[in-house]
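Here the structure is laid out as structure tokens; the discussion comes afterwards.
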Amino acid sequence: MTQEEKLKIKFPEATANEIALLLDDSKNVILNRRFPFAKTLPDTIEDKYLSLQIAIAVELYNKDGAEGEMSHSEGDVSRTYANAYVSEDLLSQIIPMGDLI
């Protein structure tokens, strides 16, 4: 199953363009964290990060419209984001490397 198909199952209402953007953004988050000193980043992420790419894409999708929200309460629902973009819980799963090129 492709990454696009996996996200489409989670978010059937999302358009193909939205899914492509989420996957591209999450790939860039992983690559920039994985290779912080690289002048040129690879085009793809390693297979071991594919499930993390989906998790980051899901987090980005769920935060859409509430970027940077630090606290929100409505009825029994309460939200607080530790990071305005991607949570440290997800980012901590990426092992940084030295220079790529």
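Here are some notes:
- Among the residues of segment 10-50, those that are more than 13 Å from Leu91 (Cα to Cα) and either in contact with a strand residue (DSSP E or B) (Cβ under 9 Å, 6 or more places away or on another chain) or hydroxyl-bearing (Ser, Thr, Tyr) (or both) comprise Thr15, Thr40, Thr44.
- Filtered residues of segment 1-19 (kept if touching a residue at least 40 places away in the same chain (Cβ under 8 Å) and of a type in the set (A, V, I, L, M, F, W, C)): Leu7, Phe11, Ala14
- Residues that are without any contact (Cβ under 8 Å) to a residue 24 or more places away in the chain and not in a loop (DSSP other than H, G, I, E, B) were ranked within segment 20-50; the one that is surrounded by the fewest Cβ atoms within 10 Å (Cβ to Cβ) is Asp47.
- Selection within segment 1-19: residues that are basic (Lys, Arg) and more than 27 Å from Met97 (Cβ to Cβ). The member of this set that is surrounded by the most Cβ atoms within 10 Å (Cβ to Cβ) is Lys8.
- Positions within segment 21-48 being of a type outside the set (A, V, I, L, M, F, W, C) and within 11 Å of the chain's Cα centre (by Cα), in sequence order: Asp24, Asp25, Ser26, Lys27, Asn28
- Considering residues of segment 75-101 that are outside any loop (DSSP other than H, G, I, E, B) and surrounded by 13 or more Cβ atoms within 10 Å (Cβ to Cβ) only, the residue modelled with the lowest pLDDT: Arg79
The values are calculated or read from the model by the stated rules, or taken from the named source; none is laboratory data. Source: prediction; values computed, not measured. Every residue, glycine among them, receives a Cβ derived from its backbone with ideal geometry; neighbour counts consider all protein chains shown.
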